[in-house]
Amino acid sequence: MIRTILHYPDKRLREKGVPIAKITPEIEALIDDMAETMYAAPGVGLAAPQIGVALQLFVIDVAEEDEASDLRVFVNPEILERHDSITWTEGCLSFPGVQEDVERAARVRVRAQGRDGKWFELEAEGLLAVAVQHEFDHLQGQLMIDHLGPLKKRLVDRKMKRREAAHASAD
Ligand code: NI
């Protein structure tokens, strides 16, 4: 089922995700919904707080359009190591129409549980590393706007608030 993606400045995007104690059938259904919602958007990542579910869970698929899908599920993730830095032009499904340069670690090592509940470790670089850090941020209630300088931050904040106001009056 495709879920509604919350847009900034929705306050629920600031909630920290709670750890998931057990992969229940409900959690599996949530993972399916998140993947479906991400692919439909379309986007390369989606975190549970973005659909109003404050849990430690995100999904990522950074496969190119001409490649087979490569869904990765991260439950209770931890970033163990961050190396070097890279500036990437990022978007976010909670900030429609916004693309801004964000500085991130160029490489990360992340530990998480998969859909089967088993722990895994992953070394990532490039887009995958950026996506892991971006989605991990969502689980802490952190958003891409928090990485911008004061001027850019104000511009994006104003743009998003105007956009939400326009949608509210059109409804
Ligand atoms: Ni995002």
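The values are calculated or read from the model by the stated rules, or taken from the named source; none is laboratory data. All of these numbers come straight from a predicted model, not from anything done at the bench. Here the Cβ positions follow ideal geometry from the backbone for every residue, glycine too, while neighbour counts run over all protein chains shown. Ligands, DNA and RNA are stripped out before the accessible areas are found, and what is left, the full protein with its side chains, is counted by its heavy atoms. Shrake-Rupley method; radii C 1.70, N 1.55, O 1.52, S 1.80 Å.
Numerical summary
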| read-out | value |
| --- | --- |
| Only one of Glu125, Glu64, Glu78, Glu121 that is modelled with pLDDT under 95, farther than 16 Å from His7 by Cβ, charged (D, E, K, R) and more than 12 Å from the ligand (Cβ to nearest atom) | Glu64 |
| Residues located in region 38-53, provided they are within 19 Å of Ala112 (Cβ to Cβ) and open to solvent by 30 Å² or more (accessible area, probe 1.4 Å) | Val44, Val53 |
| Filtered residue count, region 106-154, keeping only those that are among the hydrophobic types (A, V, I, L, M, F, W, C) and open to solvent by 10 Å² or more (accessible area, probe 1.4 Å) | 9 |
| Members of region 81-90 found to be polar (S, T, N, Q) and within 16 Å of the ligand (Cβ to nearest atom), listed by number | Thr89 |
| Residue in region 123-137 that is touching a helix residue (DSSP H, G or I) at 6+ places or on another chain (Cβ under 6 Å) and within 14 Å of Ala47 (Cβ to Cβ) present | no |
| Pairs where the first residue, in region 1-27, is open to solvent by 40 Å² or more (accessible area, probe 1.4 Å) and the second is assigned to a helix (DSSP H, G or I) and acidic (Asp, Glu), C-beta under 6 Å, 6+ apart | Met1/Asp33; Ile2/Glu36; Arg3/Asp33 |
